[in-house]
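Nothing in this text is a laboratory measurement; each read-out follows from the coordinates by a stated rule. Source: prediction; values computed, not measured. Ideal geometry is used to build each Cβ from the backbone, glycine not excepted, and the neighbour counts take in all protein chains shown.
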Amino acid sequence: MVSRDAGEPPVKLYYRIGEVAQIVGVEAHVLRYWESEFRSIRPQKSRSGQRVYSRRDVERLLRVKELLYTQRFTIAGARRKLKEPAGPVATASSPAVEAPTPELVDPLLGTVRALRETLLGTRDEIRRLLVELDQEPGGSKPTGAAR
């Protein structure tokens, strides 16, 4: 097995199979097997025929490894679990985020509406001032740069 702790993949657009094997912490042949078992993992192929994984593929592979190795799901069980709608996900860098409750949303909604009204009023006032400036005698708009 390749020695590296499973975690967040480095920020890149695409990864080669060796990099993914190191990130996920399994051998390349395991990744190829998981591709055959999980439809959601479909790396593209480069011109030379090498597998090129997206960040989403790497994240799915990390999830598959967690289900199989940590939570001890079977392949079929992991497939079913991956098809379920995703709930809040906690990572090392960000804790799980739950949907806000109405008790939190209602006061904020009133504040947001008040701010919106203030901004709309400010916009209208600016428009009114611009119209006034255009109507002042001698306050003509410049039509272009002097040459």
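Counting only residues 5 or more places away or on other chains, whose amide H sits under 5 Å from the amide H of Val52 once H atoms are built in the peptide plane?
Amide H to amide H, under 5 Å and 5 or more residues apart or across chains, Val52 pairs with Gln44, Lys45, Ser46.
For the charge dipole of the range 14-83, defined by +1 on Lys and Arg C-beta atoms and -1 on Asp and Glu C-beta atoms about the Cα centroid, which residue among Ser40, Tyr69, Val24 has the Cα displaced farthest towards the positive pole?
Ser40
Given an 8 Å cut-off on Cα distances and at least 6 residues of separation, report the relative contact order of the range 41-86 as a percent.
On the way: 22 pairs, mean separation 10.5, N = 46.
The normalised contact order for the range 41-86 reaches 23 percent.
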